[in-house]
Amino acid sequence: MKYIRFILVLLAGFVFNGSQAQITTYINGKPLKAGSTIDKADLKTLEISFKNPKLPSVISGKALLYVQINDAKDRSIEEWYILRDGYEAFTDFLKSTPATKKFKVFEGNEFRQNGNDLNWVLSSSLGQDARQKVKVVITLFFRQEIGYKEYGQAVNLLEPASITVPLWDTKNLFLPYLDLSIDKTNIPGDIDLKQNGRLGDKGTELGYHFKDKNANFYSIYALDSKDYPGLNAKELADDFIHAAALYASQDYVTKFSNYDIEKYTIPWDDINNLLSERRRIPSLSWKNNKDIKKMDLMTLYTPVTINGLKGYMFSGDEQARIDRSSKWQDKGKFVIYILEHPSNPDLTLVTSISLYNEVQTTEEIDSFLKTVINSIKH
C-alpha cells in the first residue's frame, strides 16, 4: 500500500512539474487557451513567453524559439525564430528568461525572419485552398551539435503551442491587389498572387493567376491610372491591341500612323505572355492584313457589359513556332476582357487566358472568363 502511495505521489509530481512547464501565447496582451482560434487582424500582436523548459545536458548545440505558419496540409509557409547558439548562450537563454518576458513575434526585432513578412504571407494566402485556414505553431527546441556546423534532430524542450487563424471566406474572398471581393465557389483550384518585380519599384505589378478545370492558365490584374496617367478601359484596350499587333508582325511594324506604342509600358508579358517571338495572334499581323498599320484597331473589339462592368472583349486565333526559322502553326484560341472597375475609378481590370495555352474553342475560354467576371461582388 505504501508502494502504491509512493508511485501516486511520484506521478503527481510529474503532472505538477509538467503543468509548470509551458509556452504561453498572447494576442492583444491577453493569454490564449491551447488551440485557440483568432482573427487574422489580431495575429500581428502575437507574443510568446515560456517557463521551466527542459535543460539539455550537452555542452554544444543551439536552442530556438520557433514560430511556423503552416497550411492545412501541415506544410510550412513561413518561419520566424530566436536562435541561441553555443553552451553559454543557450543555457543562459533557457535558465535566465523570466516567465514574465513576452517576446513580440511580428513586431519589433526580437525574432529573425526567414523570408517574407507577415503581411505578405497573409495577402499571398488569399485564394489558396490549403491556406483558407492556417495554423501558427510555436515550439522551443534544441539541436545538439554533432560535427562542425552539423546538428542532430530537434528535441522539444516544451510542449508546442498552436493557434488557428481563418484567412478567407469562399463566398466573400477579398483580393487586395484588385481592390474587390469575389465569390470563389465556381473558380476551381488556387488563386496565385504574382508580381513582376520588387515591391515598391516603379513598374512592379501584382495580379492573380489561376487555372480552369482543365489546367489552362488565366490571369486578372487591376492597373492603376496613378501609375499610368490617363489610363482607363478604352486606353488599356487600345494599348493591348497595338502591342499584340506589333508582336504579331514580329517587328515588321515599327510604328502606327495613329497610335504611339510607347504611350504606356504595360507588362503584357507578365499578364498573358503576349510579348514573345514564339506566340502571336495572326489576325493582327501586318503581313496578313496591310491595313493594320493605319486602321482603328479598337473596331476589332466587341463592347460588352458583364455583371454591370462596361468594357471591351477581343478574341482571336493563336499561333506558335519553335523559333524564328520555324513556320507558324495554329495553336488554339485567345480571349481578353478589359473592364471598368466596379468601385474604384482609378483602376482598370484586365482578365485573359495566357497565350501559352492551346484551348481549341473560343467558347470554352469565354465561358470561364465570364464565370470569373460574374464572381466579382459589387
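So here's what we get for this one:
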read-out: Test: Arg112 is more than 30 Å from Ile376 (Cα to Cα), surrounded by 14 or more Cβ atoms within 10 Å (Cβ to Cβ), in contact with a strand residue (DSSP E or B) (Cβ under 6 Å, 6 or more places away or on another chain) and charged (D, E, K, R); value: no
read-out: Leu309 being hydrophobic (A, V, I, L, M, F, W, C), in contact (Cβ under 8 Å) with a residue 40 or more places away in the chain and assigned by TED's automatic domain parsing to the domain that holds Lys194; value: yes
read-out: Set Ile261, Ile271: member being without any contact (Cβ under 8 Å) to a residue 60 or more places away in the chain, out of contact with any Asp or Glu (no Cβ under 7 Å at 6 or more places or on another chain) and among the aliphatic types (A, V, I, L, M); value: Ile261
read-out: Residue within segment 148-164 that is within 18 Å of the chain's Cα centre (by Cα) and farther than 30 Å from Thr91 by Cβ present; value: no
read-out: Complete set of residues in segment 317-345 that are within 17 Å of Gln250 (Cα to Cα) and not in a loop (DSSP other than H, G, I, E, B); value: Asp317, Glu318, Gln319, Ala320, Gln329, Asp330
read-out: Selected residue (only one of Pro56, Pro31 is within 21 Å of Asn156 (Cβ to Cβ) and surrounded by fewer than 18 Cβ atoms within 10 Å (Cβ to Cβ)); value: Pro31
read-out: Strands (runs of 3 or more DSSP E) wholly inside segment 160-234 that include at least 1 residues being of a type in the set (Phe, Trp, Tyr) and in contact with a helix residue (DSSP H, G or I) (Cβ under 9 Å, 6 or more places away or on another chain); value: 206-211, 217-224
read-out: Residue count, segment 55-85 (criterion: part of a loop (DSSP other than H, G, I, E, B) and modelled with pLDDT of 95 or more); value: 5
read-out: Residue in segment 324-332 that is surrounded by 14 or more Cβ atoms within 10 Å (Cβ to Cβ) and either free of Cβ contacts under 8 Å to residues at least 40 places away in the same chain or within 14 Å of Ile271 (Cβ to Cβ) (or both) present; value: yes
read-out: Residue check, Lys370 of a type outside the set (Gly, Ala, Ser) and either farther than 26 Å from Lys194 by Cα or in a strand (DSSP E or B) (or both); value: no
read-out: Test: residue in segment 252-272 that is part of a loop (DSSP other than H, G, I, E, B), among the hydroxyl-bearing types (Ser, Thr, Tyr) and closer than 17 Å to Ser354 by Cα; value: no
read-out: Odd one out for Tyr259 among (1) surrounded by 22 or more Cβ atoms within 10 Å (Cβ to Cβ); (2) farther than 24 Å from Arg321 by Cβ; value: (1)
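Residue by residue, here is whether (1) free of Cβ contacts under 8 Å to residues at least 60 places away in the same chain; (2) surrounded by fewer than 20 Cβ atoms within 10 Å (Cβ to Cβ); (3) of a type in the set (Val, Ile, Thr) holds:
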position	(1), (2), (3)
Tyr148	yes, yes, no
Val155	no, yes, yes
Ala161	no, no, no
Pro176	yes, yes, no
Lys184	no, no, no
Ile187	no, no, yes
Lys194	no, yes, no
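The values are calculated or read from the model by the stated rules, or taken from the named source; none is laboratory data. Please read all numbers here as calculations on a predicted model, not as lab measurements. Cβ coordinates were reconstructed from backbone atoms using ideal geometry, including for glycine residues, and neighbour counts include every protein chain displayed.
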